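All remarks here apply to the structure that follows.
The values are calculated or read from the model by the stated rules, or taken from the named source; none is laboratory data. Being a predicted model, the structure only gives us computed values, none of them experimental. Cβ atoms come from the backbone with ideal geometry, glycine included; neighbour counts cover every protein chain shown. Calculation scope for accessible area: heavy atoms of the full protein, side chains included, ligands and nucleic acids excluded. Shrake-Rupley method; radii C 1.70, N 1.55, O 1.52, S 1.80 Å.
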Amino acid sequence: MATPAQQFSSSPIQRFNALPNSRKLGVMVAVAAIIALIAGAVMWSRTPDYRVLFSNLSERDAGSVVTTLAQMNVPYKTEAGGTIMVPSDQVYDLRFKLASQGLPKGDAVGFELMDSPKLGMTQFQEQVTYQRALEGELARTIQALDSIASARVHLAIPKPSVFIRDQQKPSASVLVNLYSGHSLEGPQVSAIVHLVASSVPELDAKNVTVVDQAGNLLTTKGDLSSLQGLSSGQLDYLRDVEGYYAKRIESIIMPIVGAGNVKAEVQADLDFSEDESTSESYKPNPTPDTQSVRSQQTMSDSSGGGSAAGGIPGALSNQPPGPATAPLNAPAGANAGATPGAGGAAAQAGGGKRDSVTNFELDKTIRHVRESLGRIKRLSVAVVVNYKASSEPDAKPAPLPPQLLDQVNNLVKEAVGYNQARGDTINVVNTAFSEAGKVEEVETPLWKDPSNVALVKELLKNLLIFGLAFYLVFGVLRPLLRDLVRPPEVTAAEGPGFEAEDMEGGFDVLGGGMSPGEHHAADNYQHSIGTVRDFAKQNPKIVAEVVKEWMTKE
């Protein structure tokens, strides 16, 4: 049988084999637990950082995306609210791949409803299917905006009628679900309104209503014409005009007072009313010299021989003519010899007749005037000029001289085209600007840099795993194995497991080291001596080692 020295000098496997079965089981359980803890820590350290791939998905889209990810062998996690999370380093790649497959499709359906028409579909069903497809396409388009998570569009399209008085205009309602912390500005709401109105025939923008998920009506805020009487285009033009004049003022004053020492604001009153007028006028009693001939016609008739009978048949024509008279100023082309009784017919000695008709143009003036849109009715200009800085280090800034301030005022008038009759006003103020400290760009510290934060997190995770493994191996596993593998103490009753120190104590008893009062009875003393004797007979080598050790100490 092996001695304690031989047991300690043997290999760990031999020492393990020499242990009782109960201790062997304890050692195996302890080693298995330590290995499991270390493996779990390593796996936890290698667990990828998950990020949101898609959120607010419907059950149908979530199922399709999860099935596709499983086919691609991509790890994923699902959370409430239709949220799917994947490793952060694969988020954008997976979004591109899923988008190429048409995922997610979204709750709205588009014109794909028209791809497979059913046999026997009635006209009413076709109309309903087309309206659903149009609503889905509009919803998809609105969802493309950055601030909108989802959208729904409802169209009210009346049936066409052959009677004009019974015709009704279509209308539309849009419900938008905004991302947390986002809002829609007035121009964005107007863009949605005009987008829907332009996509449905005969739909007026006034009949489009936009509501957010909180029930707030957005069209009154977005429709600028209802608040200020201006459309979005007119308001943009107004801002452009005001910014244009303010920039002109600052650019012409800046070389005089220096950069950053002048601020200008312009308020323009523009007239966007459309005015058209048409006038037609005639000059009174024009003279022939100022008139233009439009047409002229001359007719002459002459016959040879003696005088021919003329005039109106009857008694008057048979009477002799009266005395011949001639006007002092006969107009050109007049028939000299014409008598009233002859009805304007001229009977001359030669028997000829000449008529002349001249038509002149009427004096007429037509004027068509159309006033331009956005003409300036009035300008209000406010300019603030900073004090002039002194070249001396400790001197305070001083006001501008009156002459320089007058020059600035004149330059402002010339820059904006000042018109006193129009009611323009200009106010130039010279005052000291507030010495508020400029906001300096503060560099992001290293401990706030996202890349550094991620690196530190990774290092801390690895250090935590290493520290845990070190503690489990050297703080738990090693002492446990050492206690389990240590040979049991040898006593007089135990036999072969008795250790040298205890054996030494036993021989001290034999040498008289123990007093009689320390024993319960004399028979116990004799029993102990008999036990030691029996042990010495059965284990002579151990006794020899003990005696040898005694001799060495002495």
Tally up the carbon and sulfur contribution to the accessible surface of segment 75-190 as a whole percent, 1.4 Å probe, everything protein left in place.
-> 52
Kindly sort Ile35, Ile465, Ile192 by accessible area of their heavy atoms, largest first, with the probe set to 1.4 Å.
-> Ile35, Ile465, Ile192
In the calculated pair distance distribution of segment 362-417, what percentage of Cα-Cα distances lie above 17 Å?
-> 65
Under Karplus coefficients 6.51, -1.76 and 1.60, residue-wise ³J(HN,Hα) of segment 198-205 in Hz, glycine/proline x = 7, 8, 10, x, 6, 9, 8, 4
Calculated FRET efficiency, Glu414 and Lys377, Cβ-Cβ r, R0 22 Å, to nearest 0.05?
-> 0.65
Rank-order 238-245, 377-384, 421-428 by packing density, defined as the average count of other C-beta atoms within 10 Å over each peptide's residues, highest first.
-> 377-384, 238-245, 421-428
